[in-house]
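The values are calculated or read from the model by the stated rules, or taken from the named source; none is laboratory data. All values derive from a computational prediction rather than experimental measurement. Reconstructed Cβ throughout: ideal geometry from the backbone, glycine too, with neighbour counts over all protein chains shown. These accessible areas exclude ligands, DNA and RNA; they are computed on the full protein's heavy atoms, side chains included. Shrake-Rupley method; radii C 1.70, N 1.55, O 1.52, S 1.80 Å.
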Amino acid sequence: MKEDSTISEIKKGLLVVAVLQVISSKRSYAGEILAALAETEFSSQEGTLYPLLSRLKREGLIEHDWVESPSGPPRKYYRLSKTGLARIKELMQYVRRLSLDLKKLGGTNE
């Protein structure tokens, strides 16, 4: 399906949820987050991910630690803060409600 501006806007809005969801499952560095997103509709690039991670850190939703890497420079591993954990639970409940509401509205569905 050709991606139009509406689909692009929806994906952009849900990217925060997707990134928080990835980090909620395990502490991850940017490369792991990008790899997880690559297998989904939320495929992204470093130029999109890093500013988003910075914003999530400023908002207190994620924290990070530097970890030495055996194959290069240290990596910044991200994890959810307590606030981030509460926020992803809230966001996932909201996404489920949206899905149910859209189904209730009817119309043409697959």
Exercise for review: Please give, to one decimal in nm, the separation of the simple spin-label points placed at Thr40 and Gln93, each 7 Å out from Cα toward the Cβ.
Suggested key: 2.0
Check your understanding: In region 1-73, which GluC sites (Glu not before Pro) fall in coil by DSSP and have 13 or fewer other Cβ atoms within 10 Å?
Key -> Glu3, Glu39, Glu41, Glu59
Review point. For the chain, what are the DSSP H helices with axial Cα length of 24 Å or more and mean Kyte-Doolittle hydropathy of at least 0.0?
Key: 5-25
Check your understanding: Which is the longest part of the chain that has none of the trypsin sites (Lys or Arg not before Pro) sitting in a DSSP loop with at most 12 other Cβ atoms within 10 Å?
Key -> 27-110
**Study point:** Sequence-distant lysines (8 or more away, or on other chains) whose Cα lies within less than 17 Å of Lys89
**Key:** Lys26
Review point. What part of the accessible area of the chain, given as a whole %, is carbon or sulfur when the probe is 1.4 angstrom?
Key: 54
Exercise for review: Treat every Asp and Glu Cβ in the chain as -1 and every Lys and Arg Cβ as +1, leave all other atoms uncharged, and give the resulting dipole magnitude about the Cα centre to the nearest 20 debye.
Suggested key: 460
Exercise for review: Please report the relative contact order for the chain, taking Cα pairs under 8 Å with a sequence separation of at least 6, and give it as a percent rounded to a whole number.
Suggested key: 25
Revision key, fill the gap. Heads up, region 40-110 by the C-alpha gyration tensor (a ≥ b ≥ c square roots of eigenvalues; a/c under 1.5 rounded, else a/b over b/c prolate, else oblate) looks prolate
Revision key, fill the gap. Checked against the positive end of the charge dipole of region 11-110 (+1 on Cβ of Lys and Arg, -1 on Cβ of Asp and Glu, about the Cα centre), the farthest of Leu15, Gly84, Tyr29 is Gly84
